[in-house]
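First comes the structure, then the notes that go with it.
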Amino acid sequence: MTLQTSGIHHITAFARDPQGNVDFYAGVLGLRLVKKTINFDAPEVYHLYFGDQAGSPGTIMTFFPWPGSRKGHIGGGQVGITTFAVPAGALGFWEARLAKFGIPVEKSSRFGETYLQFSDNEGLRLELVEREEGANSQWAFGGIAADQAIKGFGGAVLFSVNAAKTIDALENILGLEKVGEDGTYARFRTTGDLGNVIDVPLQSMSWGGGGAGTVHHIAWRAKDYEEHELWRHAVAQYGYQPTPVIDRQYFNAVYFREAGGILFEIATDPPGFARDEAPEELGQKVMLPDWYEPRRAEIEANLIPIQVRTLKEDEA
Ligand code: ZN
């Protein structure tokens, strides 16, 4: 095994309400909306990307907010909990901030770390954990200072229908290293300083159902295009059926569903979100790939207008 991902590239989830999604991830959590584009397979639906100031790999949470879509339920075969890292000492700030927005929070602990667990406005399960690793975000919004702001992903909790198989894929395909087991969870780490800690409940779960409020897939980092080709080979050689390389405009993607039911993607770090917008203008305009540009007027007319805005709780 020569390949090892440095961690999570992005996590993609379903939602229903585009403005509610922006209000939660930009307004409450203070992430930057780094790209406002469409679902390339369904151009009537936005694809929204949130992250740090640059949308760095390891910080990118993305959504397909599809008005009127069916609600899913969280369960096996999904990322069950998405973990965001905040700077050491910032959890108290976040507890107070979530309370200000009336968001119920539970405190929980795993492997000696304290987690603040809550759900987004559509039921997606999230948690915050303090981590020393990872650079502070340079994006400040809603009165969240850089030394409090979400840095990016801490990692994720993978809900598997076959925990042994998911663990096998983490160790033997992605190259993660097991660093702990506590009777309930196994913990894996890799080399990155964000999106690098993955927990898997040892007990397999029954299948969840896809839809709003659930994660669709988790993408792992490949450092360049050359390594990406090697990943595709490695996945195939391990007996999985990877898709061809797909151009996702801001990264190249290969997908495969591991035998624990979770859709994995391998995504390239390049070219990134400054590919078609200046770094200071990220997320302001609806960006379309070239093949949709001729249909821009029709596509934009079908999208519900959305805006990043300061929420009333932050104005008081
Ligand atoms: Zn993806």
Can you tell me the relative contact order of segment 181-290? Whole percent, Cα pairs under 8 Å, sequence separation 6 or more. 20 percent
Antiparallel DSSP bridges in the chain: what percent, to the nearest 5? 70 percent
Can you list, largest first and rounded to whole Å, the semi-axes you get for segment 84-213 by taking the square root of 5 times each eigenvalue of its Cα gyration tensor? 27, 18, 13
With every protein chain left in place and a probe of 1.4 Å, what is the accessible surface of Trp66, to the nearest 10 Å²? 100 Å²
The base-10 log of I(q)/I(0) that the Debye equation returns for the chain at q = 0.12, 0.14 Å⁻¹, one scatterer per C-alpha, is -0.77, -1.08
Using each residue's phi in segment 76-81, evaluate 6.51 cos²θ - 1.76 cosθ + 1.60 at θ = phi - 60° and report the 3J(HN,Hα) Karplus result to the nearest Hz, with x for Gly and Pro. x, x, 9, 5, x, 9
Straight-line reach from Lys36: which lysines have a Cα under 22 Å away, not including same-chain ones fewer than 8 places off? Lys151, Lys285
Given that compact globular proteins tend to follow 2.2 N^0.38 Å, what is the ratio of the alpha-carbon Rg of segment 214-275 to that value? 1.09
Heavy-atom accessible area of the chain with neighbours in place, 1.4 angstrom probe: carbon+sulfur share in percent works out to 49 percent
Where a Cα-Cα gap under 28 Å defines reach, which lysines qualify for Lys165, not counting those fewer than 8 residues away within the same chain? Lys71, Lys178, Lys223
Starting from the Cα of Lys312, draw a straight line to each of the lysines and keep only those under 17 Å, dropping any in the same chain fewer than 8 residues away. Lys100
Take the alpha-carbon centre of segment 1-80, take the same for segment 180-232, and report the distance between them in whole Å. 15 Å
Please calculate the 1.4 Å probe accessible area of Met205, with all protein chains present, and give it to the nearest 10 Å². 60 Å²
For the chain, what is the accessible area per residue in Å² when the probe is 1.4 Å? 40 Å²
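The values are calculated or read from the model by the stated rules, or taken from the named source; none is laboratory data. None of the values given here were measured: they were computed from a predicted structure. Heavy atoms of the whole protein, side chains included, go into the accessibility calculation; ligands, DNA and RNA do not. Shrake-Rupley method; radii C 1.70, N 1.55, O 1.52, S 1.80 Å.
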